[in-house]
Ligand code: GTQ
Ligand code: FE2
């Protein structure tokens, strides 16, 4: 049956056979001329609220890690393939390697003494380390150590390579805005040097030595930068900040997001805003037994459990999660976090895109059913 602008009106008269034939010819001619009328597309394109194609989905670290390990044994890393990164492919996104419509999330694995060659691309990237150490990522010639709990930036168009200096493998997660860049046809890529430009292994990068003192910025670099100049946000700082929020709460100060829920956002110290123009990153810590108020947000996010056990309740469905497990929360999905033990979660999202376009929306505390 052909769609009709008056289809929903009960009093609309049945089309005559002539009208019906004319309407069929009209749609056939639209098709020939690569045209589609709004009235047949409205429900899909302009729903009352976001109806994401991406699905809520959980990948367990216990499954991911051995698969990455097998790739490590079988698939060399080098020029051309560039990275041994295995992407989360959201089951709602047509088999593409996209966690959400905007975000790429992957487990990357480097074997003992291996090197992933230098390149740069316009896509913004970060790494988050849930376990292990011993890899240095060299960002525009600055060697940055990667250790458990660290959040590391590779903003767009910065050259980067990774090299494992140890005799043990290391795996971590990458987050990038690859799908966003792909859908907007805005991507550029260049190969860099074939050898790692600096094989030194300092414990702090030059970027941290210049920038990573809270509230203090070098007078040689005033003005706002589009990306945070801090290459690594270290676990000791994140952990301490969260501990102190909960300690202050214990002392009677209302400094947490909500009772038993401490959280921090990683920020660009030159603006106070998000670390990169397309990606927001946060760390959340819930006390054992705490739970968050249900909320929906425009935009998609990915969580990785850093430690502890708990559940993400997504549109009323409980997904139990443990260390290393990753969950995708599609746009406008009702999210509640429940902590069984103390529950530490890393989170990243595409919210800065919607903030920048004045399309961000949040609802808090509504019923999920
Ligand atoms: O480490 O440079 O997961 O360029 C995807 C693309 C990682 C990287 C990914 C990349 C990288
Ligand atoms: Fe890269």
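Each label point is 7 Å from the Cα along the Cα-to-Cβ direction; what then is the distance between the points at residue 30 and residue 222, in nm?
About 5.9 nm, to one decimal.
Given contacts defined as C-alpha pairs under 8 Å and at least six residues apart, what's the relative contact order of region 188-295, whole-number percent?
23 percent
Springs between alpha-carbon pairs under 10 angstrom, Gaussian network model over the chain: which of 57, 160, 49 fluctuates most?
49
For region 7-92, rounded, prolate or oblate, judged on the Cα gyration tensor with a ≥ b ≥ c (square roots of eigenvalues), a/c < 1.5 rounded, else prolate if a/b > b/c?
Because a/c hits 1.5 or more and a/b exceeds b/c, region 7-92 counts as prolate.
Determine, for each peptide in 128-136, 357-365, 326-334, the mean count of other beta carbons within 10 angstrom over its residues, then list the peptides with the highest first.
326-334, 128-136, 357-365
Mind pulling the per residue volume of the convex hull built on the Cα atoms of the chain? Å³ is fine.
Cα convex hull per residue, to the nearest whole number: 184 Å³.
Relative contact order of region 211-369: what whole-number percent is it, with Cα pairs under 8 angstrom and at least 6 residues apart?
Across region 211-369, relative contact order equals 23 percent.
Between residue 248 and residue 288, what FRET efficiency follows from the Cβ-Cβ distance if R0 is 22 Å, with the result rounded to 0.05? Walk me through the intermediate numbers first.
On the way: r = 18 Å, r/R0 = 0.83.
Between residue 248 and residue 288 the formula returns 0.75.
With each run of n ≥ 4 DSSP H residues scored as -39500 (n - 2.57), what mean residue ellipticity at 222 nm is computed for the chain after dividing by its residue count and rounding to the nearest 500 deg cm²/dmol? Numbers along the way, then the final one.
Working: 7 runs with 68 residues, N = 369.
Result for the chain: -5500 deg cm²/dmol, rounded to the nearest 500.
At R0 = 41 Å, how high is the FRET efficiency between residue 39 and residue 183 if r is their beta carbon distance? Nearest 0.05 is fine.
0.95
Using mean Cβ contacts within 10 Å as the protection proxy, how do 314-324, 296-306, 108-118 order, highest first?
Sorting 314-324, 296-306, 108-118 by mean packing, highest first, produces 296-306, 108-118, 314-324.
By how many degrees, between 0 and 90 and to the nearest 10, does the Cα long axis of helix 61-74 differ from the longest principal axis of the chain?
Roughly 80 degrees, rounded to the nearest 10.
Which of the peptides 338-348, 20-30, 257-267 is most tightly packed, and how do the rest follow, judged by the mean count of other Cβ atoms within 10 Å per residue?
Ranked by mean Cβ neighbours within 10 Å, highest first: 338-348, 257-267, 20-30.
For region 152-211, what number results from the quotient of the Cα radius of gyration and 2.2 N^0.38 Å?
Output field value: 1.40.
Please say if region 250-318 is rounded, prolate or oblate, where rounded means a/c under 1.5 for a ≥ b ≥ c the square roots of the C-alpha gyration tensor eigenvalues, and otherwise the choice is prolate for a/b larger than b/c and oblate otherwise?
Oblate, since a/c reaches 1.5 and b/c is not below a/b.
Using Cα pairs closer than 8 Å and at least 6 residues apart in sequence, work out the relative contact order for the chain, in percent.
Numbers: 808 pairs, mean separation 55.9, N = 369.
Relative contact order, the chain: 15 percent.
Let me make sure I get this right: for region 124-168, a, b and c are the square roots of the gyration tensor eigenvalues over alpha carbons, sorted descending. Under 1.5 in a/c it's rounded, otherwise prolate if a/b > b/c, else oblate. Which is it?
Oblate.
Values quoted throughout were computed directly from the atomic coordinates according to the rules given, and no laboratory measurement underlies them. Fair warning: this is a prediction, and the values are worked out from it, not measured in the lab. No Cβ is skipped: glycine too gets one built from the backbone with ideal geometry, and neighbour counts run over all protein chains shown.
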